[in-house]
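What follows draws every value from the coordinates through simple rules; no lab data is involved. Fair warning: this is a prediction, and the values are worked out from it, not measured in the lab. Every residue, glycine among them, receives a Cβ derived from its backbone with ideal geometry; neighbour counts consider all protein chains shown.
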There are 2 protein chains.
Amino acid sequence: MTNNEFESSDSIRTARPLVHARTVTFDGPLHLERGGRLPSVTVAYETYGELNDDRSNAVLICHALSGDSHVARHDESDDPGWWDIAVGPGKPIDTDRYYVICANVLGGCRGTTGPNSINPETGRAYGPDFPLITIGDIVNLQQRLIATLGIKRLLAVIGGSLGGHMALTWATRYPEQVAGTAAIATSPRLTSQALAFDVVGRNAILQDSDYQGGRYYDQGPGPRVGLAIARMLGHITYLSREAMMEKFDADRFRPREVATQFETKFSVGSYLAYQGDRFGERFDANSYITLSMAMDLFDLGGTQEQLAESLRPARCRWLVISYTSDWLFPPFQSQQIVDALLVTNQSVSYCNVVSNCGHDAFLLPDDLPSYGTLVSGFLANLNGGDTDASDSGTVRIRKPTSIFHDPQRLDYHMMADLIPEGASVLDLGCGNGVLLSLLRERDHARLMGIELDELAVVECVRRGLDVVQADLNQGLANFADGQFDVVLLSQTLQTVIDVQTVIREMLRVGKRGIVSFPNLGYHKLRDQLAQRGRAPLVALGGGSRWYETHNVRFLTIADFEEFCRDHAITIHETVALDTETGDRISEDPNRNADLAIVVLSH
Amino acid sequence: MTNNEFESSDSIRTARPLVHARTVTFDGPLHLERGGRLPSVTVAYETYGELNDDRSNAVLICHALSGDSHVARHDESDDPGWWDIAVGPGKPIDTDRYYVICANVLGGCRGTTGPNSINPETGRAYGPDFPLITIGDIVNLQQRLIATLGIKRLLAVIGGSLGGHMALTWATRYPEQVAGTAAIATSPRLTSQALAFDVVGRNAILQDSDYQGGRYYDQGPGPRVGLAIARMLGHITYLSREAMMEKFDADRFRPREVATQFETKFSVGSYLAYQGDRFGERFDANSYITLSMAMDLFDLGGTQEQLAESLRPARCRWLVISYTSDWLFPPFQSQQIVDALLVTNQSVSYCNVVSNCGHDAFLLPDDLPSYGTLVSGFLANLNGGDTDASDSGTVRIRKPTSIFHDPQRLDYHMMADLIPEGASVLDLGCGNGVLLSLLRERDHARLMGIELDELAVVECVRRGLDVVQADLNQGLANFADGQFDVVLLSQTLQTVIDVQTVIREMLRVGKRGIVSFPNLGYHKLRDQLAQRGRAPLVALGGGSRWYETHNVRFLTIADFEEFCRDHAITIHETVALDTETGDRISEDPNRNADLAIVVLSH
């Protein structure tokens, strides 16, 4: 085990002073949501880059439980920041373009008022008398900081984990002051499992005989054992099982030597001992209790209805990112957020990044090509200026500077022509957004895509499109009835197993549906089977050999018409095409067309 | 939150004396694998049912970390046992049929010698001087008990979790003494994640100021806080995230009142506090350290090669069960065991039971219909008498008492006729085992099935067939080249996405492959498309409408012949059938047959 394997973005943090941190003090009592008050509050923060003239390029980054204001190094000689990979000149959060702000949170122990600060009314550290705080209190204080900096509206608030809870709170509490919100590896509230880990960690601290009821500041190092136990536990939950296998399995019985009072029999044990010891050197146990409790109390609602109500006030564009191997803030919780944003008709993109790195993924470089591009693409397409907030449901998207036309997809233009001017459009299986980009030239009210493939999702976000990563076979449960004027299913029907669910859902969510599919009744395909005794090779949409094609459903235009009859679906128009010639087919389309475009409604 | 939700099979355990436990003491030193020794050892055990005349019905049950000898109640008035749902008259492990033995493990604290026992050489409790023990030491002592009871060969050893480690050790260390092994929710060794939780739990105990270096027996209650922290942590890992949601989400902010020193702010917190406190009342901290360390040291190998070597000595039949939501002993670890048994040509059945209950699933009634039937079916088909151990690779299976013939599947008999007498046969997609049962009448060397559907797997085990639950699309990586004489793929090809992998793997593992599939070239199907312009409805194998069928691949006999040519596969024989008439078709089979059976090899 090398030194490197013991380090992570987080574990290299030290207790050294933050030389670039500035402070601002707000005098007069701060009243807290749970009834407590603080006589005065100091905030430690750092900034990067320049605020532009119209003050529209400010990006607030919210740190996680054990972070601080030092999100990135300010120069080569500076100490490492906790998110150097994402923040800096030319980085995804580009400090050449954006004015980046990061503040230590209320209740922390790195410059902002927290339990280890001196209570001016007593002249002693608050310790256990530090009042119960909430994420709302943390965000309220951040807002005071932002106002002090002369910023009326943030281009974006970005946060991961606990920082994501802050980002969610910003968007809903100060909707006029946030143009974009990026909520990364976060949740509407903790799972009971995550909550349980916090409870165990706090119990370990509170029951440590050196905790002394929280008044340990004058009595030695404090509850180092309990804090280390809590931190060891935290580290397990930040890593995925796969990441731990890679890190520790090969030499599980050959631990690195660590000077510690903790067990070091196994390589994973020596790692945990090291992390636990280091954390005790730099973090305050009362802060840990204060912030983990604020996290545990955070709750946007236990039901989808409550969550939708919580998120309804927001007026920003959203980017939600989860990581497949994150089991502390699992993807389904990000999906709950996305569902609530969809049902309240907000502008949202979502990607569940395939990752091996667990909850820590957002701090690590491994998956940066995906999530970094998502964040930079999201930021690049935000407009920081003040807009009519009530317009958020029908966000006008900037026209792209270039459009990629796929000459193979004549049907795109045919489909586009079938969509009424100004209609809102949902494209199911939108790929990398070619059709949506085409529609954007026509100035539609709202455009949105659903796509399963991660790279395609990233590309859509880069193009400034709203796209949600999802599997169509699972349905569209969290879209409202009739939410879109038109729902498209472009050459996707034949790749879907659960045809009935997909069609039913598209016609529930859309006032109209437009479906295109290859026609198995095309005469050349009929001949392949009838004359040659071979499975018809449908060339459109994926590999064409019977054992390789992406297609799993095979249908003729007549089959689809029967399906519609059987399911009480009205066909308004059928456009039949011969894609080889580009001709529209009117005579016996079931024999003469190789592609059909059908306009439907229920 | 009700009282019931606080209880689990395990948590109702008390510290009351086990009135039915008998003890046997082995005098003279017991030498341990890691170099330690114990001057003498006492074993506490309980038995249920009657040993039959030829002593062939003995079943040993191995308990998990915090269990004891009291696996079930002996009568109505008895205290509950930890596995009452599975053990008793008429239960899956039927004490009317089997003589059930359960012993407290070495190093435990419920009657068998452990750290809280008096060391006869000092007159004081061993405490921290109790030597390091291994699962091998535990099993060696169990074997001495079994011999003392006059049993030469166990019908079965059954164990879950840590008990599964013992079962695995029994099978390989005493191969002549075990006819069947059921390894439930267990692993070849802990994941690094599971190991990490153990490390944190031990650190919490060892660093508790009341631990006193392990010599706490004369000084009050001992390290109650540390032990409780370890137990809280354990409880989180025993439950699935889903189970915790169900249990605690609805009233997360309305905890039950519990008299405890621990935090009770959240419902999950009061549950953990309750479990932690209760555990401290009944379990010894030094035992916890001793047994968790034995578990952490257990290691059948970090690679599949090492694991196969470890398991190679076994001569029993195997049943391996995992649970989908078990993240402490995740299914992939059971699959590693199964793979190693397959590559060493052993008789094994495996089922990954769909469960919401996490690691605790094997102790809970929710999934008993699956795993109880698996265990009872497995036991019912074991032969406890001494057999030639070298015969394990070609286990003769008892003929079933009834055979279910499916009149729709004429092809079964046709396929059976194509298999040489005595050949070993692997059936891919074996369903509930009809074809394998048919083959069993013909006395084949070895029969085995692969099937994805859980209910079908359970039915196969009930019939006494070897079946492994797996997805054919993932390949058959852990079968050896040429391991079977014949591999069957009976009307499954058309339901498989990755055709090339499945065919390649079947011809790697089998000296011959026999494939049956519906022929899209059948004249009635051709006519459906050519004349009527409708997708050909292939009636065989699943729903027939284009949007409902289980079939995702469509091919003619000619297509398949081309596939074989392109992939250098030799076709030895093609049997073409008209299943409506039952006739074999020789003239233009690609047009006149609706089903083809093809014999292949590479």
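Centre-to-centre, using Cα atoms only, the range A:445-490 and the range A:45-94 are separated by 32 Å.
Label-point spacing at B:Gly422 relative to the other copies reads 8.5 nm, in ascending order, each point sitting 7 Å out from Cα along Cα→Cβ. In this label model, A:Asp78 and B:Leu51 are separated by 7.7 nm, measuring between points 7 Å along each Cα→Cβ vector. Which of rounded, prolate or oblate describes the range B:396-601 when judged by the alpha-carbon gyration tensor and an a/c cut-off of 1.5? Note, shape of the range B:396-601 comes out prolate.
Which shape class applies to the protein assembly as shown: rounded if a/c is under 1.5, otherwise prolate when a/b exceeds b/c and oblate if not, where a ≥ b ≥ c are the square roots of the Cα gyration tensor eigenvalues? Here the protein assembly as shown falls in the oblate category. P(r) tail for the range A:488-602, what percent of Cα pairs lie past 24 Å? Above the 24 Å cut-off, the range A:488-602 has 23 percent of its Cα pairs. The relative contact order of the range A:3-380 comes to 18 percent, based on Cα pairs under 8 Å that sit 6 or more residues apart.
Fully extending the segment from B:Glu562 to B:Ser209 would add 119.5 nm, taking 0.36 nm per residue of separation and subtracting the current Cα-Cα distance. Here A:Thr148 and A:Asp366 are evaluated by their C-beta separation; at R0 = 51 Å the FRET efficiency comes out at 0.85. Look at the stretch B:515-527: the mean tally of other chain Cβ atoms within 10 Å of its residues' Cβ atoms is 2.
Ranking A:Leu145, A:Val19, A:Ser370 by Cα position along the charge dipole of the range A:3-380, where only Lys, Arg, Asp and Glu carry charges on their C-beta atoms, puts A:Leu145 farthest toward the positive end.
Would you give the gap between the C-alpha center of the range B:343-360 and the C-alpha center of the range B:113-171, rounded to a whole Å? Cα centres, the range B:343-360 to the range B:113-171: 25 Å. For the range B:523-601, trypsin sites (Lys or Arg not before Pro) are listed when DSSP marks them as loop and at most 16 other Cβ atoms sit within 10 Å of their Cβ; the list is B:Arg532, B:Arg545. A rounded overall shape is assigned to the range A:3-380, the ratio a/c of its alpha-carbon gyration tensor axes (a ≥ b ≥ c) being less than 1.5. For chain A, a crude dipole built from +1 on the beta carbon of Lys and Arg and -1 on the beta carbon of Asp and Glu, taken about the Cα centre, is about 600 debye to the nearest 20.
Each of B:Ser322, B:Asn551, B:Met295 was scored by the projection of its Cα onto the charge dipole of chain B, and the greatest displacement toward the positive side belongs to B:Met295; charges sit on the C-beta of Lys, Arg, Asp and Glu.
For the pair B:Asp96 and B:Ser40, a Förster radius of 41 Å applied to the C-beta separation gives a FRET efficiency near 0.70, rounded to the nearest 0.05.
For the peptides A:71-78, A:232-239, residues were scored by their other Cβ atoms within 10 Å and the scores averaged per peptide; the highest-first order is A:232-239, A:71-78. Specify which residue in the list B:Ala230, A:Val59, A:Leu154 is farthest towards the positive end of the charge dipole of the protein assembly as shown, using unit charges on the beta carbon of Lys, Arg (+1) and Asp, Glu (-1), about the Cα centre. So the residue we want is B:Ala230. Extending 7 Å from the Cα toward the beta-carbon at both A:Thr122 and B:Lys265 defines two label points whose distance is 1.8 nm. The magnitude of the dipole of the protein assembly as shown, with charges of +1 and -1 set on the Cβ of Lys/Arg and Asp/Glu and taken from the Cα centre, is near 1080 debye.
Between B:Arg22 and B:Glu246, the FRET efficiency estimated from the beta carbon spacing at R0 = 51 angstrom works out to 0.80.
Of all lysines in the structure, the ones whose alpha carbon falls short of 17 Å from that of B:Lys247, not counting any fewer than 8 places away in one chain, are B:Lys265. Ordering A:Phe378, A:Phe329 by the number of other Cβ atoms within 10 Å of each residue's own Cβ, fewest first, gives A:Phe378, A:Phe329.
Straight-line cross-link partners of B:Lys524 among the aspartates and glutamates, defined as a Cα under 15 Å from its Cα and at least 8 positions apart when in the same chain: A:Asp527, B:Asp578, B:Glu580, B:Asp588, B:Asp594.
Estimated from helical segments only, the mean residue ellipticity of the protein assembly as shown at 222 nm is -9500 deg cm²/dmol, where each DSSP H run of four or more residues counts as -39500 (n - 2.57).
Annotation for B:Asp471 and A:Ile497: the two label points, set 7 Å from Cα along the Cα-Cβ direction, are 0.8 nm apart. The distance linking the range A:206-269 with the range A:579-602 is 66 Å (Cα centroid to Cα centroid, whole angstrom).
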